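To start, the structure under review is shown below, and the notes come after it.
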């Protein structure tokens, strides 16, 4: 009897002690949030810089009785240039150049050429050149407005090339320049903040330089009837360097 009583008491004590133990439920380990792995992408940046280039040119439309020759400009072309890629880190995009350029050529007789009768014609233009850049190959149409023009013999004498005798040519004689351009703008040295490019540009003027071709003395074949076909249309080749700073766009 005593044994049963002790056993019952031990069972009650054990149950009470068990009741005092904090009960914990087993839970599955919390799943760690998965993080997506993204590939780093290049920041979008435009390139803004300046260029300088030496240039030579000839006239592609010459009146009968005259001929042209190559002339190297004493002053280089210069300006600012902007390039915007179509996608971040890309080398294909659009650009625009704004600059000051000179177009020149030699105008001389077909025979009996001397420094005294060889005329160097120079026409200066403020240009804007929108273009596409295909991994360094540049193609576009240049538009220019001329503030001045001048002609001198190779011997250094000022001469007139217009019928009114003016030697200082201006906007009253010269029209808007429209020029097709094809060239290259290739990086030769690169840094994360900028790059140095080789600048090569060939141009062909599709508009005559004179707003009224009849005012240009040498639009006349053998000094007779003027012809619009003889309105000067120079072709040129420029070679130089351009340096661009990369400007990130957020």
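Each value in this text was obtained by applying a stated rule to the coordinates, not by laboratory testing. The structure presented is a predicted model; accordingly, all values stated were derived computationally and were not measured. Note: ideal-geometry Cβ built from the backbone for every residue, glycine included; neighbour counts use all protein chains shown.
Applying 1/(1 + (r/R0)^6) with R0 = 30 Å to the Cβ-Cβ distance of residue 180 and residue 115 gives a FRET efficiency near 0.35.
Using 0.36 nm per residue of separation minus the Cα-Cα distance, give me the extension gain between residue 164 and residue 152 in nm, one decimal. All intermediate terms of the calculation are to be shown ahead of the outcome.
Values: separation 12, 0.36 × 12 = 4.32 nm, distance 1.66 nm.
Contour length minus the Cα-Cα distance gives 2.7 nm.
Against the globular-protein guess of 2.2 N^0.38 Å, express the Cα radius of gyration of the range 205-250 as a ratio, rounded to two decimals. All intermediate terms of the calculation are to be shown ahead of the outcome.
Details: Rg = 19.5 Å, N = 46, 2.2 N^0.38 = 9.4 Å.
Dividing the Cα Rg of the range 205-250 by 2.2 N^0.38 Å gives 2.07.
When 121, 172 are arranged by Cβ crowding within 10 Å, least crowded first, meaning fewest neighbours, the order is 172, 121. Here, the range 133-250 has an Rg and a Dmax of 19.3, 63 Å when only alpha carbons are counted. Among 102, 60, sorting on how many other beta-carbon atoms sit within 10 Å of each Cβ, with the fewest leading, yields 60, 102. If you take the alpha carbon atoms of the range 42-248 and fit the smallest convex hull around them, that volume is 106 Å³ per residue.
Restricting everything to alpha-carbon atoms, can you work out Rg to Rh for the range 156-222 with a Kirkwood hydrodynamic radius?
Values: Rg = 19.1 Å, Rh = 15.4 Å.
Across the range 156-222, the Cα-based Rg/Rh ratio is 1.24.
Tell me, 186, 105 in order of fewest to most beta-carbon neighbours within 10 Å? The partial results should precede the final answer.
Working: 186 16, 105 25.
If I rank by nearby Cβ atoms, fewest first, I get 186, 105.
Between rounded, prolate and oblate, where does the range 43-107 land on the alpha carbon gyration tensor, with a ≥ b ≥ c its root eigenvalues, rounded for a/c under 1.5, else prolate if a/b exceeds b/c? Prolate, because a/c is 1.5 or more and a/b exceeds b/c.
The Kirkwood hydrodynamic radius of the range 55-171, based on inverse pair distances between different Cα atoms, is 16.3 Å.
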